Every structure is written in structure tokens, then in C-alpha cells.
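The block underneath contains the structure these notes are about, expressed in C-alpha cells.
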């Protein structure tokens with residue numbers, strides 16, 4: 001079950017609820033109902049919601065000397081609203097596609113084919129690549145949580161669809177949570193997994209969190225896409241900020257990440273709070289070897305590849 005504490009680690013949602021605290025209790029309530037419904041049932045309802053908006057817009061091309069663009073004659077709100085169920089559907093599909101019980105048919109199906117399989121009444125609405133490209137262009141232009149809650153509130157009369165949207169939003173934020181980060185690759189840091197550092201000033205500007213954080217991957221595999229990044233505080237005693245997070249990392253490997261944070265605390269904080277720090281390179285941070293008793297290596301010259309290869313042991 002999701003908690004207020006977990007929501008606070010996702011800046012898009014955290015910012016929305018700071019401005020709209022009255023929506024938080026209902027969101028948690030219905031997201032939990034959606035979780036109990038299960039991903040396939042949620043996905044079915046989201047497809048029906050998608051169909052409520054599909055194709056209900058008109059536009060014409062406007063030509064100038066330099067370029068052409070679309071001017072919507074009607075239905076522009078529908079084009080915006082359809083982005084909400086569409087992206088939720090995609091992230092649920094990613095998770096279902098790696099589920100052992102589902103992969104028997106999903107492994108051989110495209111996203112569009114799978115969606116139409118789940119809901120034969122979908123009208124083949126997922127097959128038009130041009131339309132989907134338009135949707136993704138629109139997604140990039142909108143404030144996703146705010147629009148999502150506009151759509152959610154339109155379904156206040158239908159508990160199942162309300163629950164599907166709330167759970168879908170929670171899952172979607174887990175994959176794309178607005179944490180604007182630079183990656184610290186495990187091949188560079190020597191850690192067992194990639195870590196992520198916010199260099200955008202998001203928390204400094206918006207104050208989403210009660211403390212600065214890094215995030216790290218829960219799985220060592222580079223192929224797995226079904227994960228929520230795990231937040232860890234940046235201080236002299238770093239702590240994981242989720243209760244019982246799902247991860248394959250051992251206590252020893254998590255301790256390595258903590259030691260990395262401790263020994264690089266000042267540098268990481270500078271990255272997090274300095275929006276002008278465009279020259280950040282994770283190779284300038286301290287790193288460590290993957291050994292029983294990790295050696296903390298400071299101020300290494302990573303331009304010297306021979307020295308790097310001698311001192312750093314990477315998976």
C-alpha cells in the first residue's frame with residue numbers, strides 16, 4: 001500500500017498535493033482500491049477511459065513561409081486528456097509483459113495488439129502510430145499531475161474507473177517521477193547499481209522533500225525496466241526512505257551506497273542545490289572498489305584510464 005511518506009519522494013505528486021492537499025486522502029484511498037483490483041482489471045478500465053476521448057478532436061494545418069503547424073478547431077481538451085490513460089496503460093503494459101503468467105502471449109504482441117487483446121471493444125484505437133506520436137508530443141507540453149487530476153475528477157461517479165486512474169497515476173509516477181537527474185553509472189562509481197542525483201534544483205526551488213536525496217536502482221540487471229528508484233537521504237548517516245523496498249541488493253551492497261554518500265556528501269549537495277552546475281561529471285566523485293572491505297578512493301584522476309582500471313573493480 002502506498003503511504004504519504006512514499007508520495008513525498010515523487011516531486012510531481014508532492015508538488016501537486018502541496019498545492020491541493022484536499023485531494024490527497026481520496027487519491028490514497030482509490031489508488032489502494034485499484035491495487036486490490038489488479039493490473040489487468042485496471043488496464044481494462046483505462047482502455048475504456050482512453051476510448052472516451054479517442055478521436056474527439058479536429059484540427060487544420062496552418063501554413064507560413066517557414067513552417068506549418070496544427071490549429072485545433074475543436075476537441076483540444078480531449079487530445080490533452082487522452083494522454084493520461086494512454087501513458088498509464090503503457091507503464092502497466094511494461095509490468096504485465098514481464099509477468100510470467102502474462103508473457104505467454106504478451107511476448108509476441110506489440111503494445112497496440114496487447115491493448116486490443118485486453119479489450120476487444122477498443123476499436124483498434126492503439127494501432128495508429130501517427131496518433132500515438134501526436135499524443136507523446138502533447139504529453140511533453142502539459143503539467144501531467146494537474147491534468148491527471150482533472151481527468152480523475154471527471155470520473156467521480158464511477159469508483160472502478162476512479163480507482164483505475166488513481167492506481168495508474170501512482171504506477172506512472174513510479175516510472176517517471178519528475179526527479180530530474182544525472183546518472184552516476186555503476187561502471188564509473190564502482191557501486192553495484194546506478195545512482196541518480198538531482199542537478200536541476202527541483203527540491204531547492206519547490207521544497208518537495210524534507211531533506212535532499214539520491215536515488216538508486218533496486219536491480220543489478222540493466223535489462224529490467226520494472227522498478228521504482230529507491231530514495232536515500234544525503235547526510236552523515238544516510239537512510240533508505242522507503243519502508244521495506246523491493247530490491248535484490250544485499251545489506252553489504254546497500255552499505256556501499258551509504259559509504260559513497262557519506263564520502264561525497266558535500267559534492268552531491270552542491271550538485272543538488274546548484275542549478276548552474278552544468279559541468280557535473282560523476283567521475284569526479286570519490287568511488288570505491290567492490291571488495292569485502294571497500295577502499296574509499298579520493299580525488300582520482302579518471303582521465304588516466306590505466307590508473308582507473310587498476311584501482312576500480314567493476315562488475
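None of the figures in this text is laboratory data; all of them are computed from the coordinates on show. Not measured: the values here are computed from a predicted model. Don't worry about glycine lacking a Cβ; one is built from the backbone with ideal geometry, like all the others, and counts go over all protein chains shown.
With a ≥ b ≥ c taken as the square roots of the eigenvalues of the C-alpha gyration tensor of the range 4-175, please select rounded if a/c is under 1.5 and otherwise prolate if a/b is larger than b/c or oblate if it is not? Because a/c hits 1.5 or more and a/b fails to exceed b/c, the range 4-175 counts as oblate.
As a length-normalised measure over Cα pairs under 8 Å and 6 or more apart, the relative contact order of the range 4-175 settles at 35 percent.
Take the Cα of residue 56, step 7 Å toward its Cβ, do the same at residue 73, and the gap between the two points is 1.9 nm. The packing ranking of peptides 253-265, 42-54, highest mean first, is 42-54, 253-265, where packing means the average number of other beta carbon atoms within 10 angstrom of each residue. The alpha-carbon atoms of the range 15-111, seen along their principal axes, cover 54, 43, 23 angstrom, with the largest extent given first.
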